[in-house]
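The values are calculated or read from the model by the stated rules, or taken from the named source; none is laboratory data. This is a predicted model, so every value here is computed, not measured. Here the Cβ positions follow ideal geometry from the backbone for every residue, glycine too, while neighbour counts run over all protein chains shown. Accessible surface is based on the protein model in full, side chains and every heavy atom, while ligands, DNA and RNA are left aside. Shrake-Rupley method; radii C 1.70, N 1.55, O 1.52, S 1.80 Å.
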Amino acid sequence: MNERSLVLLIGGGLVAAIALAVVAYLLLDGGDDEESTGGSTATGGNAASSLEGGPDEVLYLSGTSLIRRNLENGEERPVGMIESPSVYPSRGSQWIAYVTSKKVRDDDFAAEPVLHLYDVETEEESTHGAGVAPVWNPSGTRVAFLRPVEPRECQGETCSGDVQIGVIDTASGSESLLLEPGKYSILGWAGDWVLVSDFTNPATVISVSLDDEQKVLDLPASQFWDASPDGAWVVKTNAKKTELIAIEDGELGDERVEVDLGEYQLFEGGWAHDSSRVAAVVAEAPGEGRGAGAAPTSRVVTFSPDDPGLAEVGDSFGATGTILWSVDNDSIVFATLLDPKRALFQAKHCPLGNESGCEIVTSWTEGVMLLRAE
């Protein structure tokens, strides 16, 4: 899903809010930024196997405070502190990765980033040296990241310098390195394979196993959107077409299923933990009579390989940012932008197939990141 999904930014001040409102209907054709994410599992099956129960709580970051909010009674309790704006939660376990640096700004574009792992439940924390742009497999058992192997030079949101692909096993704490040093970004996981973009060859994706076996996929890195948690499908999207492509053992198959988005373009979202379907924010692209000042048309839809037709999620107009799937795969949590001028956001919890049951979770004006449904 590339950089636009990795940051998980749902609220972060007036400038960010207005920017989200504007891009909600603009055409995105992907990118090769080093902050990339996606999802799959190294264990197969339900990616959220280490979390249990239904959609009882939502974990979010407010400023530097980790907070759990009960979806039934609205009660909140603090569960920890993260002294960094660069936070990457596992969606299938209690682990969170975050990146710090000597500079208090976007740490992923800092010259000396340091990778940390934090278990929200046990409060176990570990530091893993130089590392940036972590990407969890959906079961939350492993995290891949970029390890700088030479000094980084950063200007704005661009950093130069070779990296390797690192992988940490959370159970043992062991680390391994994949690929020779190069200019890479991590796109996501597909089964036990890490999907990597090589800046020197953006027309393809490299699929790398944990044993460092490598395969080249005929898929432009900028058009990769996400892989299913069971590693069976990849979503490819561009300005003209969106399709699901079968993938097995790190290689693309022949089966393709086209998803007719109509006038919409695909933005953020992701697969259910059990790989049954996709939930995504879509919006109309600029067209006749639609300019930069037009009202956003974003909303949430679902689709699947078995049913590629769009099913609109009711009460989702104005949706923006990441979508959180419940552990039982029956509902989603997402944010809507209510007022761009005041940067007013609202989070909703919606049971799929029963949109009349949507409930408001919380509201905010700045500094909130939705992390995980638990």
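Taking into account only those residues within region 328-370 that are part of a loop (DSSP other than H, G, I, E, B) and touching an Asp or Glu at 6+ places or on another chain (Cβ under 7 Å), which is nearest to LEU310 (Cα to Cα)? Even if it seems obvious, please write down each step before you answer.
So the first thing to find is which residues in region 328-370 are part of a loop (DSSP other than H, G, I, E, B), and the list is 328-330, 340-343, 352-354, 358, 365-367.
Then drop every residue that is not touching an Asp or Glu at 6+ places or on another chain (Cβ under 7 Å), which leaves 329, 343, 352, 358.
Values: ASN329: 18, ALA343: 29, LEU352: 13, CYS358: 19 Å.
The extreme case among them is LEU352.
Can you say whether LYS236 is closer than 24 Å to VAL282 by Cβ and touching an Asp or Glu at 6+ places or on another chain (Cβ under 6 Å), as far as the supplied structure shows? Full working, then the answer.
Details: closer than 24 Å to VAL282 by Cβ: yes; touching an Asp or Glu at 6+ places or on another chain (Cβ under 6 Å): yes.
Yes.
Pull up region 273-290, narrow it to residues that are open to solvent by less than 40 Å² (accessible area, probe 1.4 Å) and either under 21 Å from the mean Cα position of the chain (by Cα) or at pLDDT 85 or above (or both), then point me to the one that is farthest from SER139 (Cα to Cα).
Restricting to residues being open to solvent by less than 40 Å² (accessible area, probe 1.4 Å) and either under 21 Å from the mean Cα position of the chain (by Cα) or at pLDDT 85 or above (or both), the top hit is ALA283.
Within region 309-327, can you find the residues that are of a type outside the set (D, E, K, R), part of a loop (DSSP other than H, G, I, E, B) and surrounded by fewer than 21 Cβ atoms within 10 Å (Cβ to Cβ)? Don't jump to the end; show me each part of the working.
As a first pass, look at region 309-327 and keep what is of a type outside the set (D, E, K, R): 309-311, 313-314, 316-327.
So of that shortlist, the ones also part of a loop (DSSP other than H, G, I, E, B) come out as 309-310, 313-314, 316-318, 326-327.
Within region 309-327, GLY309, LEU310, GLY314, PHE317 qualify.
Determine, yes or no, whether PRO113 is open to solvent by less than 10 Å² (accessible area, probe 1.4 Å) and at pLDDT below 90.
Values: open to solvent by less than 10 Å² (accessible area, probe 1.4 Å): yes; at pLDDT below 90: yes.
The answer is yes for PRO113.
Counting just the residues of region 163-174 that are surrounded by fewer than 16 Cβ atoms within 10 Å (Cβ to Cβ) and touching a residue at least 12 places away in the same chain (Cβ under 8 Å), which one comes out farthest from THR141 (Cα to Cα)?
Here the residue is GLY173.
Among the residues of region 127-145, are any of a type in the set (D, E, K, R) and buried (at least 21 other Cβ atoms within 10 Å of the Cβ)? Can you show your working first?
Narrowing region 127-145 to residues of a type in the set (D, E, K, R): 142.
Subsequent filtering for residues that are buried (at least 21 other Cβ atoms within 10 Å of the Cβ) retains 142.
Among the residues of region 127-145, at least one is of a type in the set (D, E, K, R) and buried (at least 21 other Cβ atoms within 10 Å of the Cβ), which makes the answer yes.
Can you find a residue that is outside any strand (DSSP E or B), of a type in the set (Val, Ile, Thr) and either over 25 Å from PRO89 (Cβ atoms) or modelled with pLDDT of 95 or more (or both) anywhere in region 291-298?
Here is the first cut: in region 291-298, the residues outside any strand (DSSP E or B) are 291-298.
After this cut, where a residue has to be of a type in the set (Val, Ile, Thr) as well, the list is 297.
Within this subset, residues satisfying the condition of being either over 25 Å from PRO89 (Cβ atoms) or modelled with pLDDT of 95 or more (or both) are 297.
Looking through region 291-298, at least one residue is outside any strand (DSSP E or B), of a type in the set (Val, Ile, Thr) and either over 25 Å from PRO89 (Cβ atoms) or modelled with pLDDT of 95 or more (or both).
Which one of these does SER49 not meet: (1) over 29 Å from ARG342 (Cβ atoms); (2) modelled with pLDDT under 90; (3) open to solvent by less than 50 Å² (accessible area, probe 1.4 Å)?
The one condition SER49 does not meet is (3).
Please name all residue pairs, on different chains or six or more residues apart, with Cβ atoms under 7 Å, provided the first residue is in region 210-230 and is farther than 22 Å from GLY166 by Cβ and the second residue is charged (D, E, K, R).
LEU219/LYS236; SER222/ASP29; SER222/ASP32; GLN223/LYS236; TRP225/LYS236
Scan region 352-371 residue by residue and report those that are in contact with a Cys (Cβ under 8 Å, 6 or more places away or on another chain) and buried (at least 17 other Cβ atoms within 10 Å of the Cβ).
Within region 352-371, just CYS358 meets the criteria.
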